[in-house]
Amino acid sequence: MSIQNAKALYSRLLADKKFKQQLEQAASYQQRHQILQAAGFSCTPAELNIAKRELLQSIKTNQELSETEEEGIAGGTTSLQSLLAQFDG
């Protein structure tokens, strides 16, 4: 998966509450991995980290995302990173 696809995953998780909830409710890493694979996402932790850094940099320079979206990417209470922490396809 490319960095661009990793960014698309973050964007989908921010925009699609049902998809995010489906991942949150997965009982295991295996189920979470299957959900992401079925949705067409396969990426390494390194790609996710690069995408996260680039998205946060974009926020600082362009203010493209809202505070809530920034919080989700950066690691607040609803951290997307925690959902993706063990995913490496």
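Below, the figures for the structure above:
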read-out: Probe 1.4 Å - accessible area at K52, Å² to nearest ten; value: 40 Å²
read-out: Cα gyration tensor category, rounded, prolate or oblate, for segment 1-60 with a/c compared to 1.5; value: prolate
read-out: Virtual spin-label span in nm between L56 and R12, 7 Å along Cα→Cβ; value: 2.3 nm
read-out: Sequence of T44, T61 when ordered by accessible area, the most exposed leading, probe 1.4 angstrom; value: T61, T44
read-out: Calculated FRET value between A38 and Q4, using beta carbons and R₀ = 25 Å, to 0.05; value: 0.80
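The values are calculated or read from the model by the stated rules, or taken from the named source; none is laboratory data. Because the structure is predicted, anything quoted here is derived from the model rather than measured. Neighbour counts are summed over all protein chains in view; Cβ atoms, including those assigned to glycine, are modelled from backbone coordinates with ideal geometry. In case anyone asks, the SASA skips ligands and DNA or RNA and just uses the protein heavy atoms, side chains included. Shrake-Rupley method; radii C 1.70, N 1.55, O 1.52, S 1.80 Å.
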